[in-house]
1. Before we move on, is residue 54 of a type in the set (Gly, Ala, Ser), part of a helix (DSSP H, G or I) and under 19 Å from the mean Cα position of the chain (by Cα)?
2. Output the number of the condition that residue 73 fails; it satisfies all remaining conditions of (1) at pLDDT 95 or above; (2) exposed (fewer than 11 other Cβ atoms within 10 Å of the Cβ).
Amino acid sequence: MANNNGKMSREEAGRMGGEATSRNHDKDFYQEIGQKGGKTTSTNHDRDFYQEIGQKGGEATSENHDTEFYQEIGQKGGEATSDKHGKEFYQEIGRKGGESA
């Protein structure tokens, strides 16, 4: 779509640029630039920044999802943890929990 001057809109130019970039680069490229961006962000922001964006993300998620969503992701997380850790892991966290009670 073009604006009144026959030129491409900023939105259209951005979309086309993004599509061209995605055709020219692979997963490794996006992982690398993501890591660089994450390092830069962590250098430029403090703990309060991350707490604030985490709070906002949590609020947005809770507004958009119901109890079943949280049950499902909890189940998936529990299964992933179980696959990753052995019996000793659960014995240790159980012992620590018992000590703190």
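The values are calculated or read from the model by the stated rules, or taken from the named source; none is laboratory data. Everything numeric in this text was worked out from a predicted model, so none of it was measured. Neighbour counts are summed over all protein chains in view; Cβ atoms, including those assigned to glycine, are modelled from backbone coordinates with ideal geometry.
1. yes
2. Every listed condition holds for residue 73 apart from (2).
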